[in-house]
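One structure is given below, encoded as structure tokens.
What follows is calculated from the coordinates using simple rules that are stated; it is not laboratory data. Remember, it's a predicted structure, so these values are computed and weren't measured experimentally. Glycine gets a Cβ as well: all are built from the backbone with ideal geometry, and neighbour counts include every protein chain shown.
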Amino acid sequence: MNRTNGKIAEKSKEEMGKALLKCMNLYDFGEITVTQIAQEAKLSRRTFYRLFSSKEELLVFLFESWFQEFFLQVKGRDIHHYWDVVKCYFEFCEERKSLLFLLKQQNILNSFFDHMYQKSLQVMEYVHTKEKTQSMEKEVPYLLAYSVGGMFCMLIKWVDNDMDEPSDKLIELLKRGYTSPRF
């Protein structure tokens, strides 16, 4: 594939993603058709199927795009400490408040979590170095389940509360709670 076709394909994927989100604002995810997505994107069904095998694959593409945005923020801030990752995560989510409400409304917030969880090792290897992560081979799955699962449960609680607490306050409450002698 030449560079022009690659750029066109990426642009088409992005347009399909935007179209899916627009459709999700109007219809339940299960009711949305590929035809609706393609029409909203002003592209053909054929183009859709050249890029994706299903609307679920398109959704995974969106999740991956969001993960890559988050990971770029982690790298851009040169984060190498757990609390900084947590702060970055909640700031990232806060910036995408309406998107998270949409995922909750569509009952696919858990699918987003599943994708982020699958990618969490990549973040951990960056934050702690791949060598250090590999040296803790047995502990890593449990550490990730604990930290990523906890952050996701907090995210759900935060979304349930309309995300009315600013992310920096949320982190402050969490840190204070974990360092409190009463906990």
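Below are the figures for this structure:
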quantity	calculated
Ratio of Rg to Rh over the chain (Cα coordinates, Kirkwood Rh, two decimals)	1.02
Residue order, fewest to most beta carbons within 10 Å, for LEU20, LEU109, LEU26	LEU26, LEU109, LEU20
Label point distance in nm, TYR49-GLN122, each placed 7 Å from Cα along Cα→Cβ	2.9 nm
The chain: angle of helix 140-160 to the longest principal axis, Cα-based, in degrees nearest 10	70 degrees
FRET efficiency, LYS11 to ASP168 (Cβ-Cβ, R0 30 Å, nearest 0.05)	0.25
Ratio of Rg to Rh over the range 1-63 (Cα coordinates, Kirkwood Rh, two decimals)	0.97
Calculated FRET efficiency for the pair ASP28/SER147, C-beta based, R₀ 35 Å, to 0.05	0.60
